[in-house]
Amino acid sequence: MKGKGFLSISDMADEDITSFMAGAVKLKAQGLPALCDGKILAILFEKPSLRTRVSFEVAMRQLGGGAIYISPAEVGLGERESVPDVARVLSRYVDIITARTFSHATVEVLADYATVPVINALSDREHPCQALADFLTIYENKGKLAGLTLAFIGDGNNIAYSLLLAAALVGMNFHIASPVGYSLHDEMLRVAQGYAARSGSEILLTEEPGRAVSGADIVYTDVWASMGQEAESEVRARAFTGYQVDRKLLSQAKADAIFLHDLPAHRGEEVTDDVIDGPQSVVFDQAENRMHAQKALLAKLLGG
Ligand code: CP
Ligand code: NVA
């Protein structure tokens, strides 16, 4: 992966993800190593962000570099200027780019035309940086990744897909419970099933949340309507009735199961307050780990 960018968890298919997490834990303990001294990151976003933007900016500063945020209105990706030209121009100024786009194709075009590494900071298809932070959080809490079971309750979206790929690569079992029509697509599953055949991970798709969480070490949920799907919110809220993670559902997982959510959460929809604020929730450690996992990623891509 070194120097090539990070658009998908599949870009880590040849890496040992568990070793990456062990490295991230060490880096987290070190604080401020100057691994990206003088390097500049461009943060090019088509959608809003709290965690991703701030964690990338702080990560770069703590590694001795800097970051420049370019807002959706400023860049006008594909409107004011073509995506290839934006990639070519930014590559002349900065050492690395992270982009949050509506369409996954946009981040792929950026990577094709940039001469510096491009990191996917969330597209409609994947959120690989989130999955790195999630697996770091799981590794810290459970001491391992392989052999665990992650239950995802909700939409087969960008978050679910990156988690599925990461789980299949490391040998973690992945269960997803979604209403009909909202699960992961066949093509996504085919890729993950290829990894799972090698790692021994078991993939289960069900419509029953109780079945998904049974025996789970990790229970995970995300919003029912993602950014860009606001017009579908009501239809989705109806379709996802019964897919809320509440205390009763969480109690059907292992007694020591942890609860994860990428945030922002729609409290009272996909998760109840007593779960997200409860003793099994590690969501704010998980949010903090965005920064630590991205430091390890930036150091790797920039050769530190
Ligand atoms: N989890 C996450 O990516 O949060 P933001 O949208 O706030 O960056
Ligand atoms: N699935 C959500 C994740 C937000 C971090 C979205 O794409 O809006």
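The values are calculated or read from the model by the stated rules, or taken from the named source; none is laboratory data. None of these values were measured; they are calculated from a predicted model. With ideal geometry, Cβ positions are generated from the backbone for all residues, glycine too; neighbour counts draw on all protein chains shown. Surface accessibility is based on the protein's heavy atoms, side chains included, excluding ligands, DNA and RNA. Shrake-Rupley method; radii C 1.70, N 1.55, O 1.52, S 1.80 Å.
The table below gives the values:
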quantity	calculated
Any hit, the stretch 57-65, residues being under 14 Å from His292 (Cβ atoms), within 16 Å of ligand 2 (Cβ to nearest atom), surrounded by fewer than 18 Cβ atoms within 10 Å (Cβ to Cβ) and at pLDDT 95 or above	no
Close pairs from the stretch 215-242: first farther than 28 Å from Met172 by Cα and open to solvent by less than 20 Å² (accessible area, probe 1.4 Å), partner modelled with pLDDT of 95 or more and outside any helix (DSSP H, G or I), Cβ under 8 Å, at least 6 apart	Arg236/Asp155; Arg236/Tyr182; Arg236/Trp224; Arg236/Ala225; Arg236/Gln229
Some residue of the stretch 184-194 being in a loop (DSSP other than H, G, I, E, B), small (Gly, Ala, Ser) and farther than 30 Å from Pro72 by Cα	no
Residue within the stretch 181-199 that is out of contact with any helix residue (DSSP H, G or I) (no Cβ under 6 Å at 6 or more places or on another chain), closer than 23 Å to Ala255 by Cα and of a type outside the set (Val, Ile, Thr) present	no
Residue count, the stretch 184-214 (criterion: more than 24 Å from Arg100 (Cβ to Cβ) and either small (Gly, Ala, Ser) or open to solvent by 60 Å² or more (accessible area, probe 1.4 Å) (or both))	18
Of all residues in the stretch 217-273 being in contact with an Asp or Glu (Cβ under 6 Å, 6 or more places away or on another chain) and among the acidic types (Asp, Glu), the one that is farthest from ligand 1 (Cβ to nearest atom)	Asp222
Residues of the stretch 96-120 satisfying the condition of being open to solvent by 10 Å² or more (accessible area, probe 1.4 Å), assigned to a helix (DSSP H, G or I) and within 16 Å of ligand 1 (Cβ to nearest atom)	His104
Answer from Leu249, Leu260 - the residue that is over 23 Å from the mean Cα position of the chain (by Cα) and open to solvent by less than 20 Å² (accessible area, probe 1.4 Å)	Leu249
Positions within the stretch 68-84 being without any contact (Cβ under 8 Å) to a residue 12 or more places away in the chain and either on the phi < 0 side of the Ramachandran plot or within 16 Å of ligand 1 (Cβ to nearest atom) (or both), in sequence order	Ala73, Glu74, Glu79, Arg80, Glu81, Ser82
Within the stretch 1-34, tally of residues that are open to solvent by less than 70 Å² (accessible area, probe 1.4 Å), without any contact (Cβ under 8 Å) to a residue 40 or more places away in the chain and in a helix (DSSP H, G or I)	1
One residue from Leu301, Leu297 being touching a Gly at 6+ places or on another chain (Cβ under 7 Å) and either over 29 Å from Gly147 (Cα atoms) or open to solvent by less than 30 Å² (accessible area, probe 1.4 Å) (or both)	Leu301
Selection within the stretch 134-156 - within 11 Å of ligand 2 (Cβ to nearest atom) and either aliphatic (A, V, I, L, M) or crowded, with 24+ Cβ neighbours inside 10 Å (or both)	Gly154, Asp155
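This table checks each residue for (1) among the polar types (S, T, N, Q); (2) within 20 Å of Asp124 (Cα to Cα); (3) open to solvent by less than 10 Å² (accessible area, probe 1.4 Å); (4) in a loop (DSSP other than H, G, I, E, B).
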{"position": "Cys36", "(1), (2), (3), (4)": "no, no, yes, yes"}
{"position": "Leu41", "(1), (2), (3), (4)": "no, no, yes, no"}
{"position": "Pro48", "(1), (2), (3), (4)": "no, yes, no, yes"}
{"position": "Ile68", "(1), (2), (3), (4)": "no, no, no, no"}
